Amino acid sequence: MKQRAGFGVRSVALIIDVILLAAISVVLGLMAGSSTALLIHKMGWTAGASEPGGAAVATGFMAIAVFLLVTSVVATLLSLPYNLMEAFFGWTPGKLATGLRVRNQDGARPSLGQVFSRWLIKHNAILLSLLIFVGIPVGVFSPFLQAAVFLGCFLALGQNRQALHDSLTSTAVYELSELDNEPDHSTL
């Protein structure tokens, strides 16, 4: 039987994904925040301030507000397509970097339905948020479902090395070295 990926390497893949998303978001946020400060200064919008220090503080607060807003919006907008890579290809950049792939329980390529169902279970908060937008009040369940998914990730520490979302969709995560003739950048 093929050896499934353990909790440690899966955690490393997640950390890579989080760092990559955060880095992109923060860089774009810093660019927007510093551009805002420069624009405020160049346009002279704080020229009428009674104290030069007050103008600098106001400019700084505005730049920080723009940084936080842009960083959070970019992180939100990037997280959906970023995580959908796993739903369609069986990997995220973190899994790709660590040599992990999502497969059936026996190591064969999963169906699109399996990996998409796995993604929906893993990211149920996104689905629940979308349901709220169409008028279905299910937001009260989101924290409980997210807690179940989080705690379910620790099932990967067990003998089967399957998290809750893997068990429910008959999938597992394998190291690339355990898969037969698998190309480096696999797709479904």
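A short reminder: the numbers here are calculations on the coordinates, not readings from a lab. Everything numeric in this text was worked out from a predicted model, so none of it was measured. Using ideal geometry, Cβ is built from the backbone for each residue, glycine included, and neighbour counts are taken over all protein chains shown.
Go ahead and set up a Gaussian network model of the chain, Cα springs under 10 Å, then flag whichever of Thr169, Thr98, Thr59 fluctuates most.
Looking only at Thr169, Thr98, Thr59, the biggest GNM fluctuation is shown by Thr59.
Taking H as built 1.01 Å from N, whose amide H comes closer than 5 Å to the amide H of Leu100, not counting residues under 5 places away?
Leu176
Would you mind telling me which residue in Leu38, Leu84, Leu30 has the biggest mean-square fluctuation in a Gaussian network model of the chain, where springs connect alpha carbons within a distance under 10 angstrom?
Judging by the Gaussian network model, the answer is Leu38.
Assuming R0 = 30 Å, can you tell me the calculated FRET efficiency for the pair Val12 and Asn160, based on Cβ-Cβ distance, to the nearest 0.05?
0.90
Pulled fully out, how much extra length does the chain show between Ser170 and Ser72, if you take 0.36 nm times their separation in residues and subtract their Cα-Cα distance? Provide the component values of the computation, followed by the final result.
Values: separation 98, 0.36 × 98 = 35.28 nm, distance 3.39 nm.
Fully extending the segment from Ser170 to Ser72 adds 31.9 nm.
Only helices at least 18 Å long along their axis, Cα-based, and averaging 1.0 or more on Kyte-Doolittle count here, so list those DSSP H runs from the chain. Before the final figure, lay out the partial values.
Numbers: long enough: 7-43 (53 Å, 1.77); 52-89 (55 Å, 1.57).
Correct list, ordered by number: 7-43, 52-89.
With r defined as the distance between the Cβ atoms of Val134 and Ile24 and R0 fixed at 25 Å, what FRET efficiency is calculated, to the nearest 0.05?
The formula returns an efficiency of 0.25 here.
Mind checking the full-extension length gain between Phe144 and Lys42? Use 0.36 nm per residue of separation minus the Cα-Cα distance, one decimal, nm.
Value of the extension gain: 31.8 nm.
Wrap a convex hull around the Cα atoms of the stretch 1-98, take a quarter of its surface area, and give that in square nanometres.
Average projection, Cα convex hull of the stretch 1-98: 8.2 nm².
Give me the percent of Cα-Cα pairs in the chain that sit more than 23 Å apart, rounded to a whole number.
When all Cα pairs of the chain are counted, 54 percent exceed 23 Å.
Need the list of lysines near Lys95 for cross-linking: C-alpha distance under 24 angstrom, and skip anything on the same chain fewer than eight residues off.
Within reach: Lys2, Lys122.
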